Amino acid sequence: AFAPSVAKEVNMKSSPATLEVKPLPPKPPADFSGAVGNFTLKTEANPKKADVGDPITINATPTGRGNFDRVSAPALENDNGWHKYPPSDTFKQDDDVGISGAKSFETVVSANENKKELPPLVFSYFDPTKESYVTLKSDPIPLSITGGNTSSPRPSASALAPAPRTPPPVPPPPAPTPARHR
């Protein structure tokens, strides 16, 4: 048989630790939100075929070690021609303290015009080992967005002008008949 355990408070002392705190370098990338650590980025988008204005869901997941509370959604490198909705996020931690894991962002976008690809997504963070900012960039994702204004050449003004009206042919006047003399 086992004896019951009794909780007991124990005071412990540790040696003081010396920390060196350095400021972040100036001029961070425009999309830097304060994430510090070491990350990788995985992206995907669905559906790959849609009409202009239809929703496309982008899933972007920074994974690694760092301060995930400051990890923000990766942004389109070029958002011209896109309408974006606010992202939602979920965090799956791989440790007890929440500095290792994956933060997944789901962002819905719609194209305002015909598109052949989703531009790269970018995510910037500060890497304390390299002591520099790092910007991760996904590959463009091929898409087929159709149904908007086509870029086919416009007809020329002469092709749009109505055909000139030509008056109906006028029959020649009757030839005078010679007068007969009696």
Can ALA35 be described as in contact with a helix residue (DSSP H, G or I) (Cβ under 8 Å, 6 or more places away or on another chain) and in contact (Cβ under 8 Å) with a residue 12 or more places away in the chain?
yes
For the range 38-66, what are the residues that are within 24 Å of GLY98 (Cβ to Cβ), touching a residue at least 40 places away in the same chain (Cβ under 8 Å) and either out of contact with any strand residue (DSSP E or B) (no Cβ under 8 Å at 6 or more places or on another chain) or among the small types (Gly, Ala, Ser) (or both)?
ALA60, GLY66
Result of the Cβ filter at 7 Å on the range 83-100, keeping first residues that are at positive phi and partners that are modelled with pLDDT of 95 or more and outside any loop (DSSP other than H, G, I, E, B), at least 6 apart or interchain, is GLY98/PHE68
Filter the range 70-110 for residues that are over 20 Å from ILE141 (Cβ atoms) and of a type in the set (Asp, Glu) and give the result.
ASP94, ASP95, ASP96
Restricting to the range 67-82, name every residue that is free of Cβ contacts under 8 Å to residues at least 24 places away in the same chain and among the aromatic types (Phe, Trp, Tyr).
none
The one condition SER14 fails out of (1) touching a residue at least 24 places away in the same chain (Cβ under 8 Å); (2) small (Gly, Ala, Ser); (3) over 20 Å from PHE126 (Cβ atoms) is (1)
So ALA45 ticks every box in (1) open to solvent by less than 90 Å² (accessible area, probe 1.4 Å); (2) closer than 23 Å to GLU131 by Cα but one. Which box is left unticked?
(2)
Select from the range 73-103 the residues that are hydroxyl-bearing (Ser, Thr, Tyr) and touching a Phe, Trp or Tyr at 6+ places or on another chain (Cβ under 8 Å) and list them in ascending order.
SER88
Tally of residues being over 9 Å from the mean Cα position of the chain (by Cα), surrounded by 15 or more Cβ atoms within 10 Å (Cβ to Cβ) and under 15 Å from PRO55 (Cβ atoms) across the range 82-111
4
Any idea which residue in the range 112-138 is nearest to GLY53 (Cα to Cα), counting only those that are open to solvent by 90 Å² or more (accessible area, probe 1.4 Å) and either among the β-branched types (Val, Ile, Thr) or under 15 Å from the mean Cα position of the chain (by Cα) (or both)?
ASN112
Got a number for residues in the range 13-42 being open to solvent by 60 Å² or more (accessible area, probe 1.4 Å) and of a type outside the set (Asp, Glu)?
18
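The values are calculated or read from the model by the stated rules, or taken from the named source; none is laboratory data. Not measured: the values here are computed from a predicted model. Here Cβ is always computed from backbone atoms with ideal geometry, including for glycine, and neighbour counts include all displayed protein chains. All accessible areas refer to the heavy atoms of the entire protein, side chains included, with ligands and DNA or RNA removed. Shrake-Rupley method; radii C 1.70, N 1.55, O 1.52, S 1.80 Å.
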